Amino acid sequence: MRMTAGNLERLPIMDRTVRIARLVFLAFLALYGVASLRAPEAGRLLDSVDLAIHETGHLVFAPLGEVPGFLGGTLFQLLLPAAFTAYFLRRGDRYGGAVCLWWVAQNCWNVSVYVADARLEELPLVGGGEHDWAYLLGAAGWLEHDIAIARAVHRLGIALFVIAIWLGFRAANWMQPAEIGRRAAPLNERTPARDSLR
């Protein structure tokens with residue numbers, strides 16, 4: 001997109017400090033994301049939040065039957081941040097959408113660890129019970145493919161992560177700086193010289 005007076009006035013105005021803060025936070029998410037994707041099994045900042053969302057998903061989907069009940073934890077863990085992503089994007093807040101899309105990516109890596117553990121069942125489970133992915137893959141006859149499925153989920157997370165960082169960077173850099181916005185404001189005002197050109 002070329003910066004012209006016409007499209008410059010449509011960009012939201014952002015203070016330079018806010019822009020720098022957004023870029024710094026995005027850099028943090030990028031570095032934190034690289035650490036997370038390289039070692040998704042390591043405990044991370046959002047794991048407790050994601051676990052609570054996951055367990056709530058079991059309760060939400062349990063009335064739909066046994067398979068949806070087991071799958072519901074993972075579904076809710078991915079759908080909730082995806083809903084926030086859609087909400088912010090629909091409002092036109094691409095930066096907020098990018099941050100939430102990053103959260104979806106981080107959850108994909110988290111889920112990939114759980115899927116990869118389906119045959120071994122070494123991960124500690126909240127409240128005991130049956131391993132979601134051991135049950136789901138076993139019921140589908142895909143238990144021997146747990147590692148391949150986990151890799152696919154992990155790669156999906158990497159793709160979403162790259163999109164999130166790119167989208168966040170573009171959103172932070174395409175915001176109209178406040179100083180330019182103040183200078184551009186007179187372009188919309190009517191002046192005798194400008195009226196004579198019409």
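Quick note: the coordinates plus some simple rules give every number you see, no bench work behind them. All figures in this text were calculated on a predicted structure; none of them were measured in a lab. Please note: Cβ atoms are built from the backbone with ideal geometry, for glycine as well, and neighbour counts cover all protein chains shown.
Give me 41, 121 ranked fewest to most by other Cβ atoms within 10 Å of their Cβ, as a rough exposure proxy.
121, 41
With contacts taken as Cα pairs under 8 Å and at least 6 residues apart, the range 9-98 reaches a relative contact order of 16 percent. Taking all Cα pairs closer than 8 Å and separated by 6 or more residues, the relative contact order of the range 103-171 comes to 47 percent. Stretching the chain fully between residue 47 and residue 62 yields a gain of 3.2 nm (0.36 nm per residue, less the alpha carbon separation).
Among 153, 67, sorting on how many other beta-carbon atoms sit within 10 Å of each Cβ, with the fewest leading, yields 67, 153. Each of 76, 84 was scored by other Cβ atoms within 10 Å of its Cβ. Arranged with the fewest first, they read 84, 76.
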